[in-house]
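Single-structure report; data block below.
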Amino acid sequence: MEYLMFLMVPVGFLTSVGFAFICYYEWAPTEWELSRYISIALFDLFVIFNNILYMAMAVQMDSEFQKKFNNLRPIAWLRRRMRLKPPTYRKSALKSGHSEQPGTSATTDSYFAQLNASWLR
């Protein structure tokens with residue numbers, strides 16, 4: 001629930017702005033072609049912003065996923081190259097509400113090992 005509440009305000013804001021652009025495109029007079037086309041382009045842009053924001057916040061919300069993501073070789077190389085300090089991980093809000101199932105850590109490690117191996121091909 002905390003995860004959904006964490007995402008609701010920013011994603012809701014971007015969705016409402018994008019919805020306003022699509023409404024303008026639909027209901028503006030057809031003579032206003034340029035502004036209608038700009039509004040539909042801005043709608044597409046806000047859809048992209050919404051996806052980027054969701055992915056960034058999803059990574060920030062789950063500390064276990066964030067650790068694995070930062071340990072991938074291309075990401076770790078990029079962080080060293082850009083001289084970024086190591087991230088600090090807070091306790092995952094996603095794991096506070098339930099107990100971890102046995103074998104979850106091994107499954108997560110195997111998924112990220114496969115992803116890391118596929119990037120090296």
Single condition Tyr54 does not satisfy, out of (1) surrounded by 15 or more Cβ atoms within 10 Å (Cβ to Cβ); (2) under 29 Å from Phe112 (Cβ atoms); (3) in contact (Cβ under 8 Å) with a residue 24 or more places away in the chain: (1)
Residue count for segment 30-51, restricted to those that are of a type in the set (A, V, I, L, M, F, W, C) and either in contact (Cβ under 8 Å) with a residue 12 or more places away in the chain or buried (at least 17 other Cβ atoms within 10 Å of the Cβ) (or both): 6
Any pair with Cβ under 6 angstrom, 6 or more apart, that starts in segment 93-120 at a residue that is modelled with pLDDT of 65 or more and ends at one that is surrounded by 10 or more Cβ atoms within 10 Å (Cβ to Cβ) and part of a loop (DSSP other than H, G, I, E, B): Asn116/Leu72
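The values are calculated or read from the model by the stated rules, or taken from the named source; none is laboratory data. Nothing here was measured: the structure is a model prediction, and the numbers come from that model. Glycine also receives a Cβ, built like all others from the backbone with ideal geometry; neighbour counts cover every protein chain displayed.
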